[in-house]
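Chemist: Below: one structure in structure tokens.
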Amino acid sequence: MIKIVVATLLWTFVVALSVGVPVFAASHSKMHIEWSDEEFAAELKSSEVFQDAVDFINDTFRFERPLVLQLGADDGPLYDPQKDVIQMPYEFYQQVITLFAQLEPDDEVIQKEYAVDTLLHTLFHEYGHAVIDQFDIPVLGREEDAVDGLASVLLIEYYDNGAEMAINAAELFALESDDRGSLQEEDFWDEHSLDEQRYYSTLCHVVGSDPEQYGELAESAGISEERAESCIFEYQQLVDDWDKLLAPARK
Ligand SMILES: [Zn+2]
């Protein structure tokens, strides 16, 4: 499922290995999963999607301190810097399925597939908060936007069907905005961008990553040709900047 060859990218951990990274420089801290809810575990543990994602993160990045992913947590989704924990509650998975049921009312398998894609986007988003915290990575602008961008990049660049997964994550933002109703003051001072903006930003990343493949998607979403064009540069900048910023965290 995870791309082995990422030839087009500057994510040069392979090169780093080939030139010889001193073994003593590597931290032995890792990310691991705590399955704290039986129901959640039964549903998702067998798919190995989360274990694969955590293995990918551990294979690619190092950690200053061990990071726990609690699947079936009481709260979240969130990253708790005090405890070095990413919390992902089972309720969130259920909420996401309920929202996708509006799109695909007759297909529970698809609802769950889309929900898992979205949870992976969320996992990479929360990992973004963790890596920024552990390695003091500078962030200009909203950190929430920055880690949304990282989630897009990790999905699109490392997963075979990552662009489709990112589209499903974008779709959730659209469904959440429909669900929210009219905008309130709090939506404007929230640390996150508006759901509508997160929807279009994520689509812009997908379109920018492969304009030929996803040009029609931009058009059907109402994104202008000019904006779709700028998404190409925006996405490339996102990839290049994260490549530079993640250097201290990369194996
Ligand atoms: Zn966040």
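The values are calculated or read from the model by the stated rules, or taken from the named source; none is laboratory data. As the structure is a computational prediction, the values presented were derived from the model and not from experiment. Note that each Cβ is placed from the backbone with ideal geometry, even for glycine, and that neighbours are counted across all protein chains shown.
Chemist: Return the pair list, or none, for Cβ contacts closer than 8 Å from residues in the stretch 166-186 that are among the hydrophobic types (A, V, I, L, M, F, W, C) to residues that are surrounded by 12 or more Cβ atoms within 10 Å (Cβ to Cβ) and outside any helix (DSSP H, G or I), at least 6 apart or on different chains.
Modeler: So the pair list comes out as LEU183/LEU194.
Chemist: Can you pull out every residue in the stretch 57-89 that is under 26 Å from ALA247 (Cα atoms) and in a strand (DSSP E or B)?
Modeler: PHE61, PHE63, LEU67, VAL68, LEU69, LEU78, TYR79, ASP80, VAL85, ILE86, GLN87
Per-residue answers, yes or no, for (1) within 16 Å of the ligand (Cβ to nearest atom); (2) surrounded by 12 or more Cβ atoms within 10 Å (Cβ to Cβ); (3) within 20 Å of VAL116 (Cα to Cα):
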residue: GLY141; (1), (2), (3): yes, no, no
residue: MET165; (1), (2), (3): no, yes, yes
residue: GLN184; (1), (2), (3): no, no, no
residue: SER209; (1), (2), (3): no, yes, no
residue: GLU212; (1), (2), (3): no, no, no
residue: SER230; (1), (2), (3): no, yes, no
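Chemist: Of the residues that make up the stretch 57-77, is at least one of a type in the set (A, V, I, L, M), over 18 Å from the mean Cα position of the chain (by Cα) and within 16 Å of the ligand (Cβ to nearest atom)?
Modeler: Yes: the stretch 57-77 contains one or more residues that are of a type in the set (A, V, I, L, M), over 18 Å from the mean Cα position of the chain (by Cα) and within 16 Å of the ligand (Cβ to nearest atom).
Chemist: Would you mention how many residues in the stretch 191-223 are without any contact (Cβ under 8 Å) to a residue 24 or more places away in the chain, closer than 21 Å to HIS129 by Cβ and part of a loop (DSSP other than H, G, I, E, B)?
Modeler: Counting residues in the stretch 191-223 that are without any contact (Cβ under 8 Å) to a residue 24 or more places away in the chain, closer than 21 Å to HIS129 by Cβ and part of a loop (DSSP other than H, G, I, E, B) gives 1.
Chemist: Still on this model: Is there any pair with a first residue in the stretch 224-242 that is within 22 Å of ASP136 (Cβ to Cβ) and a second that is modelled with pLDDT of 95 or more and of a type in the set (Asp, Glu) whose Cβ atoms are under 8 Å apart and which are 6 or more apart or on different chains, and what are they?
Modeler: VAL239/GLU157
Chemist: Is it fair to say LEU155 is more than 21 Å from GLU234 (Cα to Cα), of a type outside the set (S, T, N, Q) and assigned to a helix (DSSP H, G or I)?
Modeler: no
Chemist: Give the number of residues within the stretch 143-159 that are more than 15 Å from the ligand (Cβ to nearest atom) and in contact with a Lys or Arg (Cβ under 8 Å, 6 or more places away or on another chain).
Modeler: 3
Chemist: Quick one: in the stretch 90-139, which of the residues that are outside any helix (DSSP H, G or I) and either of a type in the set (Val, Ile, Thr) or within 14 Å of the ligand (Cβ to nearest atom) (or both) is surrounded by the most Cβ atoms within 10 Å (Cβ to Cβ)?
Modeler: The residue in question is ILE137.
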